[in-house]
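Read the structure below first, then the notes.
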Amino acid sequence: MPNALIVIDVQNDFCPGGALAVPGGDVIVPGINALMAEYDTVILTQDWHPAGHSSFASSHGGKDPYGMVDMPYGPQVLWPDHCVQGTQGAAFHSDLRVDADLIIRKGFRAGIDSYSAFFENDQVTPTGLEGYLRTRGITGLTMVGLALDFCVHFSAVDAARLGFDVTVRMELCRAIDLDGSLAGATGAMRAAGVICD
Ligand code: VGL
Ligand code: ZN
């Protein structure tokens with residue numbers, strides 16, 4: 001049964017020195033590159049925000065990063081400006097292998113964030129990734145990357161709900177860990193049937 005490797009958001013802004021640095025975010029790159037060799041299909045995701053994106057604290061005058069705001073689609077964490085389209089921060093880590101079959105960008109609509117590679121944060125607007133996988137006959141997914149408690153978490157849970165067999169290789173992920181978000185993410189992934197390996 002065809003499997004794909006999905007490498008989530010291994011971008012400069014999520015690595016040490018970046019705008020939304022995930023501790024140890026760069027350490028996983030060699031292991032991810034090695035894992036790519038075991039998959040026929042490799043997909044990269046890329047967080048890809050326009051300047052002034054609504055998930056940026058700077059777009060909500062006076063609010064601090066890592067606070068919350070109510071968006072029309074529900075509560076949203078406010079982030080430092082990160083992964084702005086075309087910037088070095090949005091580029092993949094320079095050591096990451098980028099000879100992938102597909103690069104899927106997300107978070108490019110100004111008014112809505114997108115953690116999951118499958119649906120934007122309103123949980124209904126599709127990215128098109130499901131259709132790509134189904135038309136390629138792919139049924140099993142392995143996920144790695146950044147950040148474990150946000151984009152990996154929501155991508156894995158959505159994929160499991162869509163009926164894919166999902167494994168997250170935990171040692172090839174790193175987390176932001178905001179207010180217990182790592183424990184919450186791990187519990188939610190397991191509850192959704194994701195294998196956290
Ligand atoms: C992410 C926060 C904001 C992620 C993206 O890739 O996990 N987290 N944008
Ligand atoms: Zn983002």
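Couple of notes before you dig in:
- Taken as a whole, the condition of being of a type outside the set (D, E, K, R), within 16 Å of ligand 2 (Cβ to nearest atom) and open to solvent by 40 Å² or more (accessible area, probe 1.4 Å) does not apply to Phe150.
- Residue tally, condition out of contact with any Leu (no Cβ under 9 Å at 6 or more places or on another chain) and aromatic (Phe, Trp, Tyr), over region 57-108: 2
- When Pro2 is tested against (1) over 19 Å from Ala156 (Cα atoms); (2) open to solvent by 10 Å² or more (accessible area, probe 1.4 Å), just one condition goes unmet, and that condition is (1).
- Any chance Asp40 is exposed (fewer than 13 other Cβ atoms within 10 Å of the Cβ) and among the acidic types (Asp, Glu): yes
- Region 18-34, subset closer than 28 Å to Gly140 by Cα and of a type in the set (A, V, I, L, M, F, W, C), residue nearest to ligand 1 (Cβ to nearest atom): Val22
- Single unsatisfied condition, Phe118 versus (1) open to solvent by less than 10 Å² (accessible area, probe 1.4 Å); (2) within 16 Å of ligand 2 (Cβ to nearest atom); (3) under 22 Å from Gly18 (Cα atoms): (3)
- One residue stands out in region 153-175 among those that are open to solvent by 10 Å² or more (accessible area, probe 1.4 Å) and within 10 Å of the chain's Cα centre (by Cα): the one that is farthest from ligand 2 (Cβ to nearest atom), namely His153.
- Test: residue in region 74-87 that is away from ligand 1 (no atom under 13 Å from the Cβ), closer than 20 Å to Ser181 by Cβ and not charged (D, E, K, R): yes
- Residues that are within 22 Å of Ile176 (Cα to Cα) and more than 14 Å from ligand 1 (Cβ to nearest atom) are absent from region 35-44.
- Residue within region 1-17 that is away from ligand 1 (no atom under 14 Å from the Cβ), at pLDDT below 95 and not in a strand (DSSP E or B) present: yes
- Single match in Ser94, Ser55 (criterion: within 14 Å of ligand 2 (Cβ to nearest atom), closer than 26 Å to Ile6 by Cα and of a type in the set (Ser, Thr, Tyr)): Ser55
- Any chance Thr135 is without any contact (Cβ under 8 Å) to a residue 24 or more places away in the chain and within 16 Å of ligand 1 (Cβ to nearest atom): no
- Boolean, Ile138 is open to solvent by 50 Å² or more (accessible area, probe 1.4 Å) and modelled with pLDDT of 95 or more: no
The values are calculated or read from the model by the stated rules, or taken from the named source; none is laboratory data. Not measured: the values here are computed from a predicted model. Cβ coordinates were reconstructed from backbone atoms using ideal geometry, including for glycine residues, and neighbour counts include every protein chain displayed. The accessibility values were calculated without ligands, DNA or RNA, using every heavy atom of the protein model including side chains. Shrake-Rupley method; radii C 1.70, N 1.55, O 1.52, S 1.80 Å.
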